[in-house]
Amino acid sequence: MSIYPKNISNGENVIIHLRFSNKSKIIQKIRYVLSVIDPDENQVFLKEDNLVLGVEKEEFVKQLYYSLEIDGNFKPGKYIVQFYLVCKGHIIESVTKDNDFFFVEKLEYYYSNEKTVITNISNEKIKFKLHEGLNIEELTINGKEKIELEGKYDYIEYANNKIDLIEEK
């Protein structure tokens, strides 16, 4: 399985790619379960389906893509993507299960009293960039942290290259 992008914000889509292969010379009927668990351990997406994997000379490959639109219902934080399939009565987990996750990032930011203020709404660290004219500064903010920086920055960039204007409050 692959997940892209790993870091996103509201209004974007995360793509979950599943790759099934059958190297045997026998058609395989499988059942698969794909679910997404939010930071509070609630299931926010579930897909269960059957699939027939055919045969070819060397290997039969089937690929599926699921797109999740990240809207205001998605809480900031780490989402775990769980996947397994059942074939011939055996449960087979994702070989990439240690990397099957994505982050919904949410920063709040504004300029006031000659300072740029940035607040991380998530529990997770977020890397971001601040743009001031042609200068770009890369920073990291811890979960639930608020930072104040001297001066005015024009734009902030984070998540999946989301670029937003930093407005005066």
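At a 10 angstrom cut-off on C-beta neighbours, averaged per residue, how do the peptides 154-165, 90-101 rank from highest to lowest?
154-165, 90-101
Only Cα pairs within less than 10 Å get springs; with that Gaussian network setup on the chain, which residue of Lys152, Lys127, Lys25 has the largest fluctuation?
Lys25
Just one of [x] 1.20; [y] 1.04; [z] 1.13 is Rg/Rh (Cα atoms, Kirkwood Rh) as worked out from the coordinates here. Which one is it?
Computed from the coordinates, Rg/Rh (Cα atoms, Kirkwood Rh) corresponds to [z].
Keeping all protein chains in place, calculate the accessible area per residue for the chain (probe 1.4 angstrom), answer in Å².
62 Å²
Compute the signed sum of charges (Lys and Arg +1, Asp and Glu -1) over the other residues within less than 9 Å, Cβ to Cβ, of Phe83.
-1
Give me the Kirkwood hydrodynamic radius of the stretch 7-49 in Å, from all C-alpha pairs, to one decimal place?
Evaluated over the stretch 7-49, this radius sits at 13.5 Å.
Would you list, by chain and number, the lysines whose Cα falls below 21 Å from the Cα of Lys25, excluding same-chain residues fewer than 8 positions away?
The reachable lysines, counting only those whose Cα sits under 21 Å from Lys25, are Lys57, Lys62, Lys88.
The values are calculated or read from the model by the stated rules, or taken from the named source; none is laboratory data. It should be emphasised that the depicted structure is a prediction, and the values quoted were computed from it without experimental measurement. Methodologically, a virtual Cβ is constructed for each residue, glycine included, from the backbone with ideal geometry; neighbour enumeration extends over all protein chains shown. Each accessible area value is taken on the protein alone, full model and side chains, heavy atoms only, with ligands, DNA and RNA left out. Shrake-Rupley method; radii C 1.70, N 1.55, O 1.52, S 1.80 Å.
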